[in-house]
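Trainee: So that we are looking at the same thing, I have put the structure below in structure tokens.
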Amino acid sequence: MVYKEIESLLYFANVHLLLDELDMPLVRNQILDSIGLDTYEGSEVEYEVVEALECPCSLLDPIVDFAVESGKIDASKKEYLGNKIMGLLSKNPSDLADLFAVAQKRNPAKATQWLFDYCIKNNYVNMCKNSKNKHWDAKATSGKLEVTINLAKPEFSVAQVKQAQATESGYPLCGICAENEGYAPRNKQNMRTVPLTVAGQDWFMQFSPYSYFNQHIIVINKEHTPMVIDQTTITKLLDVQDHLPHYFVGSNSDLPGVGGSILGHEHFQGGHKALPMFFAKDRRVFKSAAHPLVTVSEIDWYNNAIRAVSLDRHRLIAFGNDILEKWKSYSDESVGLLSNTNGEQHHTASLCVRRDKQDRYVLEIILRSNIASKEHPHGVFHAHADKHNIKSEAIGLIEAMGLFVLPGRLDAQMDEIVGYLTKELKYTAGKLSDEMKCHEEMIDKLFKTQGSSKPSKLEATLNLKDEINATCEQILLDTAVFKQDSKGKDGLNKFFAHCGLEEKEAR
């Protein structure tokens, strides 16, 4: 029986999830009912051991396994049952929101750290699962990229994203609607959110269960309304940043092919993380006659990004909206840029706001376009087809700023490729499985690079990572609307002139 684990889990919730002792008998009986038990025998709890636990998995997993082994639930429902139990042990959303609001007024950084820890302890942010994600720094890349293989995140192609937008219906309307809190069919029983006011509207914040980085948040409009990059977006981002001044906050683009996987519902992303682009230096500094109190620069980065800095958020909003308005309607056929074709808008932006060390507002604008062609049907400025073995999804905000979130399938595929390179597995060109065929060109290239040598497993892994890093670097170059050749540089200069930006002479 699992009496000890149940009693220990109740104590864990008492210590870490604020479960009141008066509520423990009720919750105990609810857990018993969930796993098919109608009797109970008390058990001793190792209090110090339970208090030291970082997450509940060592207590929760045996309880869920018992329910499977006893036939109470099917093995496919393990996540459902685990989240249900943790939902029973967690505070109600209103109680948690009240606690967060009080803490936030005193210290926003401590408040979000507390809420993040709570979401780890109640297992919505499943650190046992997320700790298996692979992560490394791509130090050899010119922009010092980061790469992570997220084993929990589904992979969405551009076509699947478009299909998802066309088929939204039912309840909840999409995967990030407010109605998902506690929604069992999506395993959200232990999800907890807190409200925020953004531009006078009701929004809410939750931590991402996928945790791309430390304290990865999603800030979501309570109304199911589509993603939009317009004259209100920067204001909304700065409102969120004022609530959470220790976080960066950004918005994906609002068009398919250059946005995130959920375009049907307005939301932002952010967190306690310095992304690679933040460390990129200024390539050129500009002055603007229309916005003299905003410091403007072109970021020395793979794609085309503008950095604007000001102590005055209103001046920053005015500058950012000016750039957005000019970019959305800008065309230059000499570099293949058309703002729209047949009434379809192509130009948009990925946006990010944060504070610098001088506590000034920093706005970063990445120019994006989803125009397609016969050669590149998924997008001229999307990852080109020869790189889809590594990343076929749209390059969203996080990747555009240098943190690549690669699909979980790559974990096993990398192991197989390393086996080929070390000769532990036999490689025959043209005989790969359907899942591995996409990597054949890369494998052949790696074999040519290593020649007749037989690398160790470590050497082969490092060589493969170097190739993946180089591919990610090339993907970011693919997304640049103005390329880094002379033609692209001339085109970018024309756009800057169109925006009234005049380059300052280097001192």
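Trainee: Within region 370-392, identify whether any single residue is of a type in the set (Lys, Arg), surrounded by fewer than 23 Cβ atoms within 10 Å (Cβ to Cβ) and touching a Leu at 6+ places or on another chain (Cβ under 8 Å), and answer yes or no.
Mentor: yes
Trainee: What are the residue pairs meeting all of these: first residue in region 183-210, first residue under 24 Å from THR232 (Cα atoms), second residue in a helix (DSSP H, G or I) and open to solvent by 50 Å² or more (accessible area, probe 1.4 Å), Cβ atoms under 6 Å, and 6 or more apart or on different chains?
Mentor: LEU196/HIS243
Trainee: Return the residue satisfying two criteria in turn: it lies in region 393-429 and is in a loop (DSSP other than H, G, I, E, B) and of a type in the set (Val, Ile, Thr), and of such residues it is most open to solvent (accessible area, probe 1.4 Å).
Mentor: That would be THR428.
Trainee: Taking region 296-317, which residues are open to solvent by less than 10 Å² (accessible area, probe 1.4 Å) and either of a type in the set (Val, Ile, Thr) or at positive phi (or both)?
Mentor: Scanning region 296-317 gives VAL296, ILE299, ILE306.
Trainee: Follow-up question, since we're still on this one. Answer yes or no: is there a residue in region 294-314 that is out of contact with any strand residue (DSSP E or B) (no Cβ under 7 Å at 6 or more places or on another chain) and of a type in the set (Lys, Arg).
Mentor: No, that holds for no residue.
Trainee: I need the full set of residues from region 470-485 which are out of contact with any strand residue (DSSP E or B) (no Cβ under 6 Å at 6 or more places or on another chain) and not in a helix (DSSP H, G or I), in order please.
Mentor: Answer for region 470-485, where residues must be out of contact with any strand residue (DSSP E or B) (no Cβ under 6 Å at 6 or more places or on another chain) and not in a helix (DSSP H, G or I): ALA480, PHE482, LYS483, GLN484, ASP485.
This table checks each residue for (1) open to solvent by 50 Å² or more (accessible area, probe 1.4 Å); (2) not hydrophobic (A, V, I, L, M, F, W, C).
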site: VAL219; (1), (2): no, no
site: HIS224; (1), (2): yes, yes
site: MET227; (1), (2): no, no
site: PHE278; (1), (2): no, no
site: LEU293; (1), (2): yes, no
site: PHE319; (1), (2): no, no
site: SER331; (1), (2): yes, yes
site: GLY336; (1), (2): no, yes
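Trainee: Give me the residue from region 29-50 that is outside any loop (DSSP other than H, G, I, E, B) and either touching a residue at least 40 places away in the same chain (Cβ under 8 Å) or under 36 Å from the mean Cα position of the chain (by Cα) (or both) and, out of that set, surrounded by the fewest Cβ atoms within 10 Å (Cβ to Cβ).
Mentor: GLU48
Trainee: If I ask for residues that are open to solvent by 30 Å² or more (accessible area, probe 1.4 Å) and more than 30 Å from GLY271 (Cβ to Cβ), which ones from region 338-369 would you list?
Mentor: LEU338, ASN340, THR341, ASN342, GLY343, GLU344
Trainee: LYS188: under 18 Å from ASN321 (Cα atoms), modelled with pLDDT of 95 or more, surrounded by 19 or more Cβ atoms within 10 Å (Cβ to Cβ) and basic (Lys, Arg), yes or no?
Mentor: No.
Trainee: Here is a further query. When you look at PHE286, is it crowded, with 16+ Cβ neighbours inside 10 Å, in contact (Cβ under 8 Å) with a residue 24 or more places away in the chain, farther than 24 Å from GLY396 by Cβ and touching a strand residue (DSSP E or B) at 6+ places or on another chain (Cβ under 8 Å), yes or no?
Mentor: The answer is yes for PHE286.
Trainee: Could you please find all residues in region 173-208 being under 20 Å from the mean Cα position of the chain (by Cα) and among the charged types (D, E, K, R)?
Mentor: Of everything in region 173-208, those that are under 20 Å from the mean Cα position of the chain (by Cα) and among the charged types (D, E, K, R) turn out to be GLU181, ARG186, LYS188, ARG192.
Trainee: Got at least one residue in region 229-247 being modelled with pLDDT of 95 or more, within 17 Å of GLY200 (Cβ to Cβ), outside any loop (DSSP other than H, G, I, E, B) and open to solvent by 50 Å² or more (accessible area, probe 1.4 Å)?
Mentor: Within region 229-247 (the criterion being modelled with pLDDT of 95 or more, within 17 Å of GLY200 (Cβ to Cβ), outside any loop (DSSP other than H, G, I, E, B) and open to solvent by 50 Å² or more (accessible area, probe 1.4 Å)), the answer is yes, since at least one residue qualifies.
Trainee: Go through region 112-142 and count every residue that is in contact with a Lys or Arg (Cβ under 8 Å, 6 or more places away or on another chain) and open to solvent by 10 Å² or more (accessible area, probe 1.4 Å).
Mentor: 3
The values are calculated or read from the model by the stated rules, or taken from the named source; none is laboratory data. What you see is a predicted model; the values in this text were computed from it and never measured. Here Cβ is always computed from backbone atoms with ideal geometry, including for glycine, and neighbour counts include all displayed protein chains. To get the accessible areas, we keep the full protein, side chains included, count just its heavy atoms, and leave off ligands, DNA and RNA. Shrake-Rupley method; radii C 1.70, N 1.55, O 1.52, S 1.80 Å.
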